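The values are calculated or read from the model by the stated rules, or taken from the named source; none is laboratory data. In this text the structure is predicted, and so the values were computed from the model without any measurement. As a convention, Cβ positions derive from the backbone with ideal geometry for all residues, glycine included, and neighbour counts pool all protein chains shown. Heavy atoms of the whole protein, side chains included, go into the accessibility calculation; ligands, DNA and RNA do not. Shrake-Rupley method; radii C 1.70, N 1.55, O 1.52, S 1.80 Å.
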Amino acid sequence: MTDAHFLSLLGIAGAMAVGAMSPGPSFVMVARTAVASRSDGLAAALGMGAGGLAFSIAALAGLQAAFLAVPGLYLAIKAFGGAYLIYLGFRIWRGARQPLAITPDTDASPRSQGRSGRTFLLGLATQVSNPKTAVVYASIFAAFLPREVPLVLALAVPAVIFCIETGWYAIVALALSSAAPRAAYLRYKTWIDRAAGGVMGLLGLRLVWSAVRGT
């Protein structure tokens, strides 16, 4: 890898790190999951990383060009993603008053492993529910990548993005599964869940509305 290619990779990594740290549905999902179980929070973080990996591969493959060529595809995916976020927000809001089942992190039973698998898929689905992310990825790639992308750079970019997305949300999961944040969450669970559900729902409504308007 040449110095120019390394600088391109470094620029993409910096831009994606800032984007990953921006609050959004992914942060809400991982934070809320981690309070109940650290292992589930880490599984959700892995799902976020897998979603970032999928977006990076899609962006490298020219997903933005496909959206531009078929505008209806982008709007349809945007509406579906918005509806999914609204559904998640409704579920969180509805369960705000329900007590949270704290799962011991030492539990290694098949049932616990199966739940972590479902949490991974939920994290992946949450991450890919917003097609705007694919456009952001493609825009960043267009800004930093050379016209002809060598194989080593094409392989390095998705790997770096996976590490950034997984690493950041793993930090979130580890921080919010600690004793003090968990106790604070449990004390104000109803209001925190309602706020989180409301934010998730509003983000979903914004996506659906922009799809209806064709923007």
Need one word for the stretch 5-76: rounded, prolate or oblate. Basis is the Cα gyration tensor (sqrt eigenvalues a ≥ b ≥ c); a/c below 1.5 gives rounded, then a/b vs b/c decides. oblate
Hey, can you rank 80-88, 181-189, 32-40 by average C-beta count inside 10 Å, highest first? 32-40, 80-88, 181-189
Accessible area expressed per residue, the chain, with surrounding protein chains retained (probe 1.4 Å, Å²): 52 Å²
About the Cα centre, charge dipole magnitude for the stretch 126-198 (Lys/Arg +1, Asp/Glu -1 at Cβ), debye: 360 debye
Leaving ligands, DNA and RNA out of it, rank Ser22, Ser210 by accessible area with a 1.4 Å probe, largest first. Ser22, Ser210
Per-pair calculated FRET efficiency, R0 = 25 Å: Arg194 and Met21 via Cβ, rounded to 0.05: 0.55
For the chain, what is the mean residue ellipticity at 222 nm derived from helices alone (per DSSP H run of n ≥ 4: -39500 (n - 2.57); sum divided by total residues; nearest 500 deg cm²/dmol)? -28000 deg cm²/dmol
Over its Cα atoms, what ratio of radius of gyration to 2.2 N^0.38 Å does the chain give? 1.08
Hey, what angle do you get for helix 3-21 against the long axis of the chain, alpha-carbon based, 0 to 90 degrees rounded to 10? 30 degrees
Could you tell me the relative contact order of the chain? Use alpha-carbon pairs under 8 Å, at least six residues apart, and round to a whole percent. 47 percent
What is the percent carbon and sulfur in the accessible area of the chain, measuring with a 1.4 Å probe over the protein chains and ignoring ligands? 70 percent
Magnitude of the charge dipole, the chain, Cβ model with Lys/Arg +1 and Asp/Glu -1, debye to 20: 940 debye
How far is helix 151-176 tilted, in degrees, relative to the longest principal axis of the Cα atoms in the chain, given as a value from 0 to 90 rounded to the nearest 10? 20 degrees
Note the angle between two axes, namely the Cα long axis of helix 189-213 and the longest principal axis of the Cα atoms of the chain, as a number of degrees from 0 to 90, rounded to the nearest 10. 30 degrees
Under a crude label model (7 Å from the Cα following the beta-carbon direction), how far is Ala4 from Cys163 in nanometres? 2.4 nm
Spin-label pair Ala183/Ala83, simplified geometry with 7 Å Cα→Cβ offset, distance in nm: 4.5 nm
